[in-house]
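J.: Sharing a structure here in structure tokens format.
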Amino acid sequence: MSKTKKLLSVLLAVLMLVLSISIVNVFAAAKGDVNGDGSVTVSDALLVFNFVSGKSNLTDEEQKKADVNADGIVNVADAMKVYNIILGKDEDEKKEGTFRITTYGWGHDIGMSQNGANLYAKNDGADYEWILGHYYPGTTLVEKDETAPEKVKYNGKEYSMRDYLASTLYAEMGPSFQKEALKAQCVVIYTYGKYHSNFGVNFVANHHAFKSDVQSASKSTLIYEVVDEVMGQYLTYNNKVAFTPYSATSAGTTAKCSDIWVQDLPYLTRVESKYDSTVSGYKKTITLTEEEMKYKLENVFGVKLSSTPEKWIEILSHDSAVNENIGHALNVSIDGQKTVKGASVYERLGLRSPCYTIEYV
């Protein structure tokens with residue numbers, strides 16, 4: 001007797017035992033319903049077993065229904081699948097889903113959008129003063145800093161203020177950007193350093209921005225031309241140096257500072273940045289497996305997740321930065337056990353933007 005016939009004999013014996021003790025599980029007919037009676041039962045299994053063993057024939061339509069694994073042939077594998085369906089052991093019944101996270105924009109989205117500023121200058125002819133007033137509403141531009149230091153210390157080295165600003169500007173935008181956008185960026189860089197100084201003393205070099213070097217910046221005449229035109233200019237609010245963060249690309253509307261961080265500064269609020277959605281990389285989607293998401297959420301937020309992944313993470317509210325359905329996440333539920341700030345999910349999961357959607361698929 002061949003191995004196949006021996007296996008069929010064993011399976012038939014088991015099937016008859018199942019039938020003899022009346023353990024017949026009925027399932028809604030989706031696959032394996034060979035006789036077309038609307039359910040998968042032992043009768044369907046017998047039809048498949050008998051066909052595979054050569055004891056009976058099936059019509060073309062019945063063979064399509066018997067080909068449970070959809071490989072084009074009806075064989076022992078299909079007989080086993082029908083048997084497992086009857087016993088409630090169908091391995092295809094439950095498949096692990098994935099979490100699809102889509103982000104809009106790039107960066108924390110507070111203050112000036114660098115690409116937004118560039119496109120306002122390019123498309124609308126906006127000058128740097130308009131750009132600054134738009135992204136930092138209510139601030140005042142001071143034309144000259146009488147207390148500006150001539151030298152800046154960074155990473156153990158000393159640079160002239162001119163070289164520092166040029167190097168930082170080159171790293172943050174580069175000469176491919178519009179001149180007016182570059183001027184706005186230069187003012188913002190200087191203001192940022194002045195804000196973090198001790199009331200204007202001991203200017204603090206922005207280590208996040210100083211990614212280039214003087215040699216690279218010196219290759220661009222435009223960069224130094226911009227620095228020479230606006231060096232020493234800075235922004236104030238109520239006669240105090242303003243805090244001027246910036247990021248690469250807005251979600252379409254910038255974020256209110258207190259929605260992402262802690263400070264509630266009136267000049268760091270939501271403003272339109274209408275061209276950002278046209279920037280390459282504006283929208284990006286990543287996927288996480290159930291296992292990956294479970295590990296991240298449990299370790300980051302200190303919860304023990306339930307067996308219902310659809311409920312693990314849900315955006316409860318947002319600011320409609322993109323449209324009525326999408327915005328910077330404000331409040332997020334973690335498995336119904338705790339509610340966290342939407343920005344904490346962005347920061348602790350390492351997303352590109354605090355404006356995101358999350359789907360379980």
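J.: Hey, among the residues in segment 116-132 that are open to solvent by 40 Å² or more (accessible area, probe 1.4 Å) and not in a loop (DSSP other than H, G, I, E, B), which one's nearest to residue 231 (Cα to Cα)? Step through it out loud before you land on a result.
T.: So the first thing to find is which residues in segment 116-132 are open to solvent by 40 Å² or more (accessible area, probe 1.4 Å), and the list is 122-125, 127, 129-130.
Then drop every residue that is not not in a loop (DSSP other than H, G, I, E, B), which leaves 122-124, 129-130.
On the way: 122: 22, 123: 26, 124: 25, 129: 14, 130: 18 Å.
By that ranking, first place goes to 129.
J.: Moving on. Tally up the residues in segment 308-339 that are touching a helix residue (DSSP H, G or I) at 6+ places or on another chain (Cβ under 7 Å) and surrounded by fewer than 17 Cβ atoms within 10 Å (Cβ to Cβ), please.
T.: 3
J.: Take residue 107 and tell me if it is open to solvent by less than 30 Å² (accessible area, probe 1.4 Å), in contact with a strand residue (DSSP E or B) (Cβ under 9 Å, 6 or more places away or on another chain) and either within 12 Å of residue 273 (Cβ to Cβ) or basic (Lys, Arg) (or both). Can you show your working first?
T.: On the way: open to solvent by less than 30 Å² (accessible area, probe 1.4 Å): yes; in contact with a strand residue (DSSP E or B) (Cβ under 9 Å, 6 or more places away or on another chain): yes; either within 12 Å of residue 273 (Cβ to Cβ) or basic (Lys, Arg) (or both): yes.
Yes.
J.: Give the residues of segment 226-256 that are under 14 Å from residue 131 (Cβ atoms) and of a type in the set (S, T, N, Q), sorted by residue number. Break it down into steps so the answer makes sense when it comes.
T.: Looking only at segment 226-256, we keep the residues that are under 14 Å from residue 131 (Cβ atoms), and these are 226, 230, 233, 235, 244, 246, 250, 254.
233, 244, 250, 254 - these are the residues of segment 226-256 that are under 14 Å from residue 131 (Cβ atoms) and of a type in the set (S, T, N, Q).
J.: Can you name the residue in segment 214-232 that is in a loop (DSSP other than H, G, I, E, B) and out of contact with any Asp or Glu (no Cβ under 7 Å at 6 or more places or on another chain) and is also most open to solvent (accessible area, probe 1.4 Å) among such residues? Write out each step before concluding.
T.: Taking segment 214-232 and keeping what is in a loop (DSSP other than H, G, I, E, B), we get 218-220, 231-232.
With the extra rule that they be out of contact with any Asp or Glu (no Cβ under 7 Å at 6 or more places or on another chain), the set shrinks to 218-220, 231.
Values: 218: 70, 219: 164, 220: 11, 231: 82 Å².
Per the criteria, the residue is 219.
J.: Next up: Just to verify a result, which residue in segment 74-88, among those that are over 10 Å from residue 32 (Cβ atoms) and under 43 Å from the mean Cα position of the chain (by Cα), is most open to solvent (accessible area, probe 1.4 Å)?
T.: 80
J.: List every residue pair whose Cβ atoms lie under 6 Å apart, where the two residues are 6 or more positions apart in sequence or sit on different chains, the first residue falls within segment 312-325 and is more than 18 Å from residue 271 (Cα to Cα), and the second residue, located anywhere, is open to solvent by less than 50 Å² (accessible area, probe 1.4 Å) and of a type in the set (Asp, Glu).
T.: Listed pairs, sorted by first residue: 312/335.
J.: Being assigned to a loop (DSSP other than H, G, I, E, B), touching a strand residue (DSSP E or B) at 6+ places or on another chain (Cβ under 9 Å) and open to solvent by less than 20 Å² (accessible area, probe 1.4 Å) is true for just one of 305, 235. Which residue is that?
T.: On the way: 235 fails: assigned to a loop (DSSP other than H, G, I, E, B).
None of the others qualify; the one that does is 305.
J.: Look through segment 154-173, keep the residues that are over 16 Å from residue 221 (Cα atoms) and assigned to a loop (DSSP other than H, G, I, E, B), and return whichever of them is most open to solvent (accessible area, probe 1.4 Å).
T.: Per the criteria, the residue is 155.
J.: Any residue at all in segment 261-269 that's in a helix (DSSP H, G or I) and either surrounded by fewer than 21 Cβ atoms within 10 Å (Cβ to Cβ) or more than 33 Å from the chain's Cα centre (by Cα) (or both)? Write out each step before concluding.
T.: Initial filter on segment 261-269 (in a helix (DSSP H, G or I)): none.
Checked against the condition, which is being in a helix (DSSP H, G or I) and either surrounded by fewer than 21 Cβ atoms within 10 Å (Cβ to Cβ) or more than 33 Å from the chain's Cα centre (by Cα) (or both), segment 261-269 yields no hits at all.
J.: Which residues, taken from segment 40-56, are of a type in the set (Gly, Ala, Ser) and open to solvent by 20 Å² or more (accessible area, probe 1.4 Å)? Break it down stepwise before answering.
T.: In the first step, residues of segment 40-56 are kept if they are of a type in the set (Gly, Ala, Ser); the result is 43, 45, 53-54, 56.
If the condition is that a residue be of a type in the set (Gly, Ala, Ser) and open to solvent by 20 Å² or more (accessible area, probe 1.4 Å), then 43, 53, 54, 56 are the ones that fit.
J.: Can you work out which of the residues in segment 270-293 that are part of a loop (DSSP other than H, G, I, E, B) and hydrophobic (A, V, I, L, M, F, W, C) is nearest to the chain's Cα centre (by Cα)?
T.: To start, the set of residues in segment 270-293 that are part of a loop (DSSP other than H, G, I, E, B) comprises 270-271, 273-275, 279-282.
Now restrict to residues that are hydrophobic (A, V, I, L, M, F, W, C): 271, 279.
Details: 271: 22, 279: 16 Å.
Filtering segment 270-293 for residues that are part of a loop (DSSP other than H, G, I, E, B) and hydrophobic (A, V, I, L, M, F, W, C), the one nearest to the chain's Cα centre (by Cα) comes out as 279.
J.: Report, ordered by the first and then the second residue, all pairs with beta carbons closer than 7 Å, sequence separation of six or more or different chains, a first member in segment 174-188 that is surrounded by fewer than 24 Cβ atoms within 10 Å (Cβ to Cβ), and a second member that is assigned to a loop (DSSP other than H, G, I, E, B) and of a type in the set (A, V, I, L, M).
T.: 180/126
The values are calculated or read from the model by the stated rules, or taken from the named source; none is laboratory data. Note that the coordinates shown come from a computational prediction; the quantities given were computed from them, not determined experimentally. So basically every Cβ, Gly included, is an ideal-geometry build from the backbone, and we count neighbours across all protein chains shown. Calculation scope for accessible area: heavy atoms of the full protein, side chains included, ligands and nucleic acids excluded. Shrake-Rupley method; radii C 1.70, N 1.55, O 1.52, S 1.80 Å.
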